[in-house]
Structure formats: structure tokens, C-alpha cells
1. Any residue that is farther than 26 Å from A130 by Cα and of a type in the set (S, T, N, Q) - is there at least one of those in the stretch 182-195?
2. State whether one or more residues within the stretch 232-247 are in a loop (DSSP other than H, G, I, E, B), touching a residue at least 40 places away in the same chain (Cβ under 8 Å), within 24 Å of the chain's Cα centre (by Cα) and surrounded by 15 or more Cβ atoms within 10 Å (Cβ to Cβ).
3. Counting only residues that are over 20 Å from N120 (Cβ atoms), without any contact (Cβ under 8 Å) to a residue 60 or more places away in the chain and of a type outside the set (V, I, T), which one in the stretch 161-194 is surrounded by the most Cβ atoms within 10 Å (Cβ to Cβ)?
4. For the stretch 110-137, what are the residues that are among the basic types (K, R) and without any contact (Cβ under 8 Å) to a residue 24 or more places away in the chain?
5. Condition first: buried (at least 17 other Cβ atoms within 10 Å of the Cβ) and hydroxyl-bearing (S, T, Y). Now tell me which residues in the stretch 120-134 satisfy that.
6. Please find, within the stretch 35-70, the residue that is farthest from the chain's Cα centre (by Cα) out of those that are hydrophobic (A, V, I, L, M, F, W, C) and assigned to a loop (DSSP other than H, G, I, E, B).
7. Counting just the residues of the stretch 48-71 that are β-branched (V, I, T) and surrounded by fewer than 19 Cβ atoms within 10 Å (Cβ to Cβ), which one comes out nearest to I142 (Cα to Cα)?
8. Taking the stretch 202-231 only, how many residues are without any contact (Cβ under 8 Å) to a residue 40 or more places away in the chain, under 17 Å from E281 (Cβ atoms) and buried (at least 17 other Cβ atoms within 10 Å of the Cβ)?
Amino acid sequence: MRIMVSTAVSTALLIASLVSQAQSVQLATVYADENVSDYLVSEKLDGIRAIWDGQQLTTRQGNPISAPVWFTDGWPEVWLDGELWAGRGRFGFVQNTVLDSEPNEMQWREIQYMVFDAPNYTDVFEQRAASYLTLIRQTNNIFIKGIEQLRLEGSEALYRLLDDVTNAGGEGLMLHRKDALLKDGRSDALLKLKPFQDAEAKVIGHAVGSGKYKGMMGALLVELANGRQFKIGTGFSDLERSNPPQVGEYITFRYQGLTSSGLPRFASFVRVRKGPFEFREPEK
């Protein structure tokens, strides 16, 4: 049996679910020494972001996700926001499983829906977090889990937690402002903190390798969403250099800030990016 909510709340959440399918979800900006005690903190999970509208899982772009029926059985009939996740360092496994139109039930059993918000336009985040944790504790389904939000007193505690998470193979941290109402689009009420930054680019060509990479790819020529072009020559295994990402594919790359000309500094290949996603510009 699904968990029910009041008519008024159900109506608000139904409206919100329709909004979510139109891509109106909250997006993060980069942490820049804000007052940590104003925020609740959790690990940034490297999974596939997914919206639960009370009946159906979709990508942030509104495309249906073909999850097995048992995966979502008994989930709350409210709008939830979260990540489909299978553990640290397993993004490729999640991507291949979640974006497959024919669900592989054995692989789906290794995935959980990690909820980090129950979006509505009337409650501040601290209340929304308490709400989703209560709802999910009442749900008899092991494939959905509410992310606990931590209270930290200052930046020293924040960076200690960042070190603990990244040393264990995690990607970084997310900071939700406690007293913030939901705001569609990019918002400073939601911050991300990582030891590196990442973005996407489109492959438009290959540079031939030399020396030990003779006969293989030496670098990718890529293009950002704004049309700027540059090369990425690091981060590849020998197998990836022998079978590089194809022209027209999109990749995720890591970098450390921008050069004086506005291009990513120390760009390094991470992976090919499949399916619909947000084409993110590099940030300072």
C-alpha cells in the first residue's frame, strides 16, 4: 500500500511533479566560503539524478526510466528528488542499467534510489528533509533510502568531512541551505564542494599520438556548449587510446579552474556520457 498525504499537500505535490517534468528542478552552484552552519550537508553521490512524481521515475529532462515494477513498489505518492546509485565509483554501471529501455532485473537489484529532497514550494529545506526521511522510514521497500543531512559548525569540519568522503572514493559534498524555499534552476541555496570540478564537452576530432602513443589517439579535440574548442590529452587508458570516444559523442572531463583565456585548466578525461544530461559549462 502506498503512503497517502492530505488532499491539499497532494495537490501541491501534483503541481510540483508536473513542473519537474518540465526540467524545473533546483541546480547547484559552487561552494565559496559560505557560513557552513546555515546549511545541511550530505555526500554528493555520483549516480543518475531521477525524479519520482508519485507514480513514475524520470530523468531530470522528463524522460521515463524503465525500472522494474518491484523497484518502486510501495513508494510514497509524492514528488521526490534523488540519485539512482550503486555505490562509489560505479557510475558506469548505473548509467548502463538505468538508461536501458529493457530493465535488467538482476542489475537493478544493485541500485538504490537515494532521496535528497521532497520538493514543494511551501516548506524550507530543513522541513522537507525531515518530511522525506519520515516518509521513507514508513516505506517497506529496501530500494529507496533517504539521505541523512548533517549539521556542521564550520568550514574546518566541512573540509574534514570532504577529506573523509574523497579518501573513501566519494566525489564530494552537497550543502542545502536550511531556511531556503525551493527555487527552480541554478540556486545558491544548493551548493556543491569537490576537490576538482567537472563539465561536459562534445568530441569533434582526434589528434594522432606520438612516442609511446604512436598508432593510438594522442588527444581528443572537444567543443564546449559555448563553442570554445580545446584538446584533452590525459586521463585515458591505453585501451581508451586504442578505441577512443567517437566524434559526436559527449564526454565528462575534470579540470582545476579556468585559464586566463577562459578554458579549463588541466583538463582530464573521465568517461563517455550517455543519454540525456545537462550540458554543463566549466565554472571558475
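1. For the stretch 182-195, residues farther than 26 Å from A130 by Cα and of a type in the set (S, T, N, Q): absent.
2. yes
3. By that ranking, first place goes to L162.
4. R137
5. S131, Y132
6. Among them, the one singled out is A67.
7. Per the criteria, the residue is V69.
8. 2
Quick note: the coordinates plus some simple rules give every number you see, no bench work behind them. Everything quoted here is computed from the prediction, not taken from an experiment. Cβ: placed from backbone, ideal geometry, glycine included. Neighbour counts: every protein chain shown.
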